Every structure is written in C-alpha cells, then in structure tokens.
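This report refers to the structure that appears directly beneath it.
The values are calculated or read from the model by the stated rules, or taken from the named source; none is laboratory data. Being a predicted model, the structure only gives us computed values, none of them experimental. Cβ placement follows ideal geometry from the backbone for every residue including glycine, while neighbour counts extend to all protein chains displayed.
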Amino acid sequence: MSINFPLVLVLAVAVCGVLALFDLLVLAPRRRAAISHYHGQVSEPDEAVIERLNKEPMLVEYGKSFFPVLAIVLVLRSFLVEPFQIPSGSMRPTLEVGDFILVNKFAYGIRLPVIDTKIIQIDDPQRGDVMVFRYPSDPSINYIKRVVGVPGDVVRYTPDKHLFVNGKPVAQELLGEEAGSLGSVMLYDEKLGEVEHLIRKEMKRYHAVPGGEWTVPAGHYFMMGDNRDNSNDSRYWNDPNIPKPLLGMVPDQNIVGKAFAVWMSWPDPKSKNLPNFSRVGLIH
C-alpha cells in the first residue's frame, strides 16, 4: 500500500493550523482570564501556579510547534523544489541508481498540491528535458525519463536503434564503448532539441528493441530513457484502459517537474558505504 505523502502533509498542516488557531481564539484567552482571576484572588501570586495556569495542552503545544515547519516544507515541496532518489538504471549514464536529484516544481507551471491542478502556466516541456512524472497506468508511481516528443511531433524508433523526430534523424555521435563492457555497450552523444546528453545502447539486444511510430497528441509527451535498451518508457507501455491514440503518452496533468541537479549519490543506504558527492552537478 503506497502512502500519498502530499495528502498526508496537507492534512498534517491543516490539523496543526486548526490547533494553533483554536488556541489563539479560544484557549489562550481562557488562560489569560484564569491568570487575571488568580491575580485578583491573592496578594502574592505564586509563579508556579501562574505557570500551570498558562500551560498549553500538550496536543496544542505540539501542533503550534510543528505548524510553521510543516507549512514551510509544504510550500517548498509543492511549489519550488522536491527531492527524489533514482531507483533504477533506466536513465544511465545520465543518472545512476542511488542518485539523489532535485526537481523544479514550477518550471512548467504552478500546481495545487494533492489535486495537481495547474493554476499558473509558466512554460512547456521541451525536447531533451529530463522530467519526473506520474506513470499513466499507476499515478502513485513516479517515473523519470527524457522528453523526446512534444505535442504535434511524430516520433519513430527503428529496430536498429535509430531515433527520428518529424522525419529527421536525431543527431548521435559514437563516443566509444562503456568501460568494462568488453564492447557490448556503446555510449553516444545525442543532441535532442537544444540539449546534448549521453545515451547508452547494448549492441547485442536488437531483438528486444520495439520499432514503431507515434504521433504525440495535444497536451501529451513521448518519453524515453537514456539507457535505451533498459528503460520502461513510452515505447513499451501497453494499458488496455488507455485509448490507443494516447497509449505511451504522458498527459500534462501527470507532470511533476523538471529534474535539474544531482546533489548526492548513495546507491545502497543499507550498506556500510557512505554517501558520496562525486556526481554532484546539473543534469543535462
């Protein structure tokens, strides 16, 4: 069972806010009245009694303490920047398993938390962007891929691993074999839109590569991983509940944000290895 963290956070902020407001409007005046009454009953007030009369209920005390912290976290996470950890190798060599990344939540527009309704349009995803989105077949799962096709594009991928956008081949330059692969994996420099980035191809997996052509409808995006032969992306998605023209596409309402930086890498937190910062930098 997955936890809807944004919903939990919103509810926590709401509960803490209600407790703080209830204390401000109801409980605090009662405490002040009790202290004032006590002062009128004695000639020498006991500080211990005053402290007891002024003491906040434990639930209210915790609510007031957590409210500003949770509110700041909610604003930062919902509207500015959200951290994610890379769980798979589908974006290698750009992103490795265990990379901790930062995602710009307002790059493509301001959305309300939980319901994800866009209230302010800022920009649209561009070819080459690395984007986090909710998997169309199961929105509780976050995916990260690269934008290959934007609305109106015709994307074609051939069984011999060549990518075409609107009938033109996407520029790729062979850089050489991946270290330690014994020639079975090749690295390429690819230029997609205005973005240059590395991609990875396994030379012995022609049988696993689906060829096809897709037209990207309005309000949708075609996504692929940089690890071209090990990525569950738009080429593979097959959900009978999604209409065929939209199959493999990511709708705009599923967009989480644009990944822009790696700030730490920790492939196995359960091991004795410490996190490292050798991969810190901007994402291209």
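Please determine, by comparing only the residues of the range 1-16 that are among the aliphatic types (A, V, I, L, M) and in a loop (DSSP other than H, G, I, E, B), which one is nearest to the chain's Cα centre (by Cα). Selected residue: ILE3. Scoring VAL103 on the criteria (1) part of a loop (DSSP other than H, G, I, E, B); (2) in contact with an Asp or Glu (Cβ under 7 Å, 6 or more places away or on another chain); (3) under 22 Å from ALA259 (Cβ atoms) leaves a single failure, condition (1). Applying the set (1) without any contact (Cβ under 8 Å) to a residue 60 or more places away in the chain; (2) buried (at least 18 other Cβ atoms within 10 Å of the Cβ) to GLY211 leaves exactly one unmet item: (2). Just one of the listed residues (VAL130, VAL69, VAL155) is β-branched (Val, Ile, Thr), over 27 Å from ASN276 (Cα atoms) and buried (at least 16 other Cβ atoms within 10 Å of the Cβ), and it is VAL155.
Among the residues of the range 233-278, the one identified as in contact with an Asp or Glu (Cβ under 7 Å, 6 or more places away or on another chain) and either among the hydroxyl-bearing types (Ser, Thr, Tyr) or not assigned by TED's automatic domain parsing to the domain that holds GLU213 (or both) is SER265.
Filter the range 206-225 down to the residues that are in a loop (DSSP other than H, G, I, E, B) and either outside the structural domain of VAL132 (by TED's automatic domain parsing) or at pLDDT 95 or above (or both) and list them by number.
Scanning the range 206-225 gives VAL216, PRO217, ALA218, GLY219, GLY225.
Looking at VAL114, is it farther than 19 Å from ARG200 by Cα, under 14 Å from the mean Cα position of the chain (by Cα) and not in a loop (DSSP other than H, G, I, E, B)? Criteria not met by VAL114.
Yes/no matrix, rows are residues, columns are (1) assigned by TED's automatic domain parsing to the domain that holds ARG92; (2) surrounded by 17 or more Cβ atoms within 10 Å (Cβ to Cβ); (3) under 16 Å from MET203 (Cβ atoms):
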| residue | (1), (2), (3) |
| --- | --- |
| PRO125 | yes, yes, no |
| ARG134 | yes, yes, no |
| ASP138 | yes, no, no |
| TYR143 | yes, yes, no |
| PRO151 | yes, no, no |
| PRO159 | yes, no, yes |
| VAL165 | yes, yes, no |
| GLU178 | no, yes, yes |
